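The values are calculated or read from the model by the stated rules, or taken from the named source; none is laboratory data. Please read all numbers here as calculations on a predicted model, not as lab measurements. With ideal geometry, Cβ positions are generated from the backbone for all residues, glycine too; neighbour counts draw on all protein chains shown.
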Number of protein chains: 2
Amino acid sequence: MNNQKSKFTNIAIDSMGGDFGPSEVIPALNIVLQGRGDIFFLIFGDENKIAGYLSKFPELKKRSSVIHTEKVIENDEKPSLALRSSKGSSMRMAIEAVKNGEAAAVVSAGNTGALMALAKMVLKTVPGIHRPAIASVMPSVNGDSIMLDLGANILVDGENLVQFAVLGSIFARAHKKIEKPSVGLLNIGSEETKGPDHVRKAAEILSYVDFPGKYIGFVEGGDITKGSVDVIVSDGYAGNIALKTAEGVGSLIRQYFVESFSSNPLSRLGGLLAYYPLKTLKKRMDPRLYNGGVFLGLNGLCIKSHGGADALAFSNAVILAVRLARKGYIDQVVSDISNLTKQETFIPQES
Amino acid sequence: MNNQKSKFTNIAIDSMGGDFGPSEVIPALNIVLQGRGDIFFLIFGDENKIAGYLSKFPELKKRSSVIHTEKVIENDEKPSLALRSSKGSSMRMAIEAVKNGEAAAVVSAGNTGALMALAKMVLKTVPGIHRPAIASVMPSVNGDSIMLDLGANILVDGENLVQFAVLGSIFARAHKKIEKPSVGLLNIGSEETKGPDHVRKAAEILSYVDFPGKYIGFVEGGDITKGSVDVIVSDGYAGNIALKTAEGVGSLIRQYFVESFSSNPLSRLGGLLAYYPLKTLKKRMDPRLYNGGVFLGLNGLCIKSHGGADALAFSNAVILAVRLARKGYIDQVVSDISNLTKQETFIPQES
């Protein structure tokens, strides 16, 4: 496999995770290859189940290796239990491929808790980072923004949030191609005196430390989609609730949509006549374009796809992995976190 | 005024608050009167500014009294400062009308912080309630749900959340006409071990106390619009972020909408041909239908309208006030909170 490393970006794929497994994962990889000549996949999973799907895509077959695994971590397995029995599973072996330098990133649609626990155990955190965070790309009026943490950490302190600001800024730099992304702390108002202690503490530190982003102050829930900032930093409690609320509102409106255009024959005709604008709208509202929760702060890239992802959704999580891997995300984090902890004014936290 | 009280539901209106003042508030009151024969308004504000708008609605003129006030609390005034200089302001006098029994509820589109501070000072909390909360009606797949707290309290304990569950259940009973509303605690997962201490503590208490709702467990951000429960209970930090995120996603999608149907002449034609289904959709997505943050836990009903509310939006906040007033909301809260604190198993909290 090592001979692939010079020319190709190798991506490890856990093909057994999520609701569908290889039936959606394999076609997803074929989508990723389109227009991308320099990717190689290490596909971990049951080769008997993979073979049939893979045979439909001759080009993908040439650009991938299947590594047979017997064990699968179930979607509803408790992370602590999954950890103990993970040896030889598709998920763990895919993560180990990153650890061993055989792949630049790993993508899985499997059990989130188990994936985080395994990724932490196998890859370890970057020196100076005490808590990995989950980040995702969110749609906004001004293009995409990056939001973290989306649920890895419920209780954090101000220093954790500052580290998240670093992790998110480097992500935004890779994703949005801007040198100094603007960063906001998610809060319930923009006044300095508002919000919980850990958020106000982070604001204080961010106002003077040198980090890869530009701190602009507190932002509110509405700013996520307003595109007021490139990076929205939050604890995993508020972040997870915001993310899932946003997804829920999207679903509700898509349902209103379907109902409005199918309530009677005249409405259905209206829908046909407005086919093109509706198609554009549907595409812009498609949550599959924003699939992929990136585990940040680890010594290796690990991307969690939505469990219910279809081929298009899964392909977007893989594309995110490729993009971050090529930008040398991990190296930048290592150097920027090291720079942060060296700053005299920065109060080092306890683990 | 007292002779109005037997037949009519009196509502006190701060007509000077918000971005527009009487120009939207007065037409809003006229909307409320349509089909409602038994409402009387006490309108507080500058009578010179009000008179011109009121003269356009002869029926409203008969069904209201204007109480002239000179002072207005500014939208950007600090609550502490506003409190000190509030005497004789339209906002404070409208709240005092509730305190004095002249009105069953007060509605204002003014400064949220000042309104909460004044309402607390003038009306006081219901015995047993230590922290008032802000609640609102949220759209969901199964009709409306009630969500609180939306930002009055950042730091709460488990007992506070239990009280919010009581306040929200009685609200849902009045709004949704169901005897025993289902109640969920907003969290980042449905497993019992997940989430911050105060949320898990509230879950423990709610599982055994007798209260006006039916506790069903943890819910996630996506459940708000899924209609999984009638009442969603949260601290004001997560609740405010969820509310504003939801509003933001709604705005983003409305913008996608406008852009999709105006990107070129063909799209615009499509929009015309799909006029009726689009109109239905627009109506269902209209945030003005959900205007009105209700301050719960006080000895009197106080409803905060969005500052940017137009006449239609403001009218919905007033209708909410009328509905809760007629259902005897305050009396029910007083009796149910008294019942809750009498239960041996309920650990009384400190103020």
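Looking only at region B:36-62, filter to residues that are assigned to a loop (DSSP other than H, G, I, E, B) and of a type in the set (D, E, K, R); which one of those is farthest from B:Ser23 (Cα to Cα)?
B:Asp38
Of the conditions (1) surrounded by fewer than 17 Cβ atoms within 10 Å (Cβ to Cβ); (2) touching an Asp or Glu at 6+ places or on another chain (Cβ under 8 Å), B:Lys78 clears all except one; give me its number.
Condition not satisfied by B:Lys78: (2).
All but one of (1) more than 7 Å from every other protein chain (Cβ to nearest Cβ); (2) within 21 Å of A:Gln163 (Cβ to Cβ) hold for A:Asn264, so report the exception by its number.
Condition not satisfied by A:Asn264: (2).
How about region A:149-182: which of its residues are under 28 Å from A:Gly101 (Cα atoms) and either within 14 Å of another protein chain (Cβ to nearest Cβ) or among the basic types (Lys, Arg) (or both)?
Hits for region A:149-182 are A:Asp149, A:Leu150, A:Gly151, A:Ala152, A:Asn153, A:Arg173, A:Lys176, A:Lys177.
Name the single residue that is nearest to B:Phe211 (Cα to Cα) among those in region B:156-195 being of a type in the set (Val, Ile, Thr) and touching a Gly at 6+ places or on another chain (Cβ under 9 Å).
B:Val166
Pick out the one residue from A:Ala309, A:Ala317 that is among the small types (Gly, Ala, Ser), in a helix (DSSP H, G or I) and either touching a strand residue (DSSP E or B) at 6+ places or on another chain (Cβ under 7 Å) or within 19 Å of A:Asn111 (Cα to Cα) (or both).
After applying the criteria, what remains is A:Ala317.
Mind checking which residues of region B:255-272 are assigned to a helix (DSSP H, G or I) and not charged (D, E, K, R)?
Result: B:Gln255, B:Tyr256, B:Phe257, B:Val258, B:Ser260, B:Pro265, B:Leu266, B:Ser267, B:Leu269, B:Gly270, B:Gly271, B:Leu272.
Mind checking which pairs have a first residue in region B:123-140 that is within 14 Å of chain A (Cβ to nearest Cβ) and at positive phi and a second that is assigned to a strand (DSSP E or B) and among the aromatic types (Phe, Trp, Tyr), Cβ under 9 Å, 6 or more apart or different chains?
none
What is the one condition in (1) in contact (Cβ under 8 Å) with a residue 12 or more places away in the chain; (2) more than 7 Å from chain A (Cβ to nearest Cβ) that B:Ser207 does not satisfy?
B:Ser207 satisfies all of (1) in contact (Cβ under 8 Å) with a residue 12 or more places away in the chain; (2) more than 7 Å from chain A (Cβ to nearest Cβ) except (1).
Looking at A:Ile67 and the list (1) out of contact with any helix residue (DSSP H, G or I) (no Cβ under 7 Å at 6 or more places or on another chain); (2) over 20 Å from A:Gly151 (Cα atoms), which single condition is not satisfied?
Only one criterion in (1) out of contact with any helix residue (DSSP H, G or I) (no Cβ under 7 Å at 6 or more places or on another chain); (2) over 20 Å from A:Gly151 (Cα atoms) is unmet by A:Ile67, namely (1).
Scan the helices (runs of 4 or more DSSP H) fully inside region B:136-247 and keep the ones with 3 or more residues being surrounded by fewer than 24 Cβ atoms within 10 Å (Cβ to Cβ).
Because the criterion is at least 3 residues that are surrounded by fewer than 24 Cβ atoms within 10 Å (Cβ to Cβ), the helices (runs of 4 or more DSSP H) in region B:136-247 that meet it are B:158-176, B:197-206.
For A:Gly271, indicate whether it is on the phi > 0 side of the Ramachandran plot and either at pLDDT 95 or above or facing chain B (nearest Cβ under 8 Å) (or both).
No: the conditions fail for A:Gly271.
So which residues in region A:6-21 are surrounded by fewer than 21 Cβ atoms within 10 Å (Cβ to Cβ) and either over 18 Å from A:Leu33 (Cβ atoms) or among the hydroxyl-bearing types (Ser, Thr, Tyr) (or both)?
Within region A:6-21, A:Ser6, A:Thr9, A:Asp19, A:Phe20 meet the criteria.
Working only within region B:146-162, note down all residues that are under 17 Å from the mean Cα position of the chain (by Cα) and among the polar types (S, T, N, Q).
The one that is under 17 Å from the mean Cα position of the chain (by Cα) and among the polar types (S, T, N, Q): B:Asn153.
Of all residues in region A:183-204, count the ones that are within 10 Å of chain B (Cβ to nearest Cβ) and in contact with a strand residue (DSSP E or B) (Cβ under 8 Å, 6 or more places away or on another chain).
Number of matching residues: 7.
Inspect region B:90-105 for any residue being among the hydroxyl-bearing types (Ser, Thr, Tyr) and in a loop (DSSP other than H, G, I, E, B) and give the result as yes or no.
no
Kindly list the number of the only condition in (1) polar (S, T, N, Q); (2) touching a strand residue (DSSP E or B) at 6+ places or on another chain (Cβ under 6 Å); (3) not in a strand (DSSP E or B) that fails for B:Ser65.
Result: B:Ser65 passes all but (3).
Checking the condition over 23 Å from A:Gly308 (Cβ atoms), hydroxyl-bearing (Ser, Thr, Tyr), in the same structural domain as A:Lys244 (by TED's automatic domain parsing) and touching an Asp or Glu at 6+ places or on another chain (Cβ under 9 Å), which residue from A:Ser145, A:Ser85 passes?
From the options A:Ser145, A:Ser85, the qualifying one is A:Ser145.
Please work out if A:Phe41 is under 22 Å from the mean Cα position of the chain (by Cα) and at pLDDT 95 or above.
Taking the combined requirement at face value, the residue satisfies it.
Given the conditions (1) out of contact with any Asp or Glu (no Cβ under 8 Å at 6 or more places or on another chain); (2) within 13 Å of A:Met147 (Cβ to Cβ), and given that A:Tyr208 satisfies all but one, which numbered condition is not satisfied?
Among (1) out of contact with any Asp or Glu (no Cβ under 8 Å at 6 or more places or on another chain); (2) within 13 Å of A:Met147 (Cβ to Cβ), the lone unmet condition for A:Tyr208 is (2).
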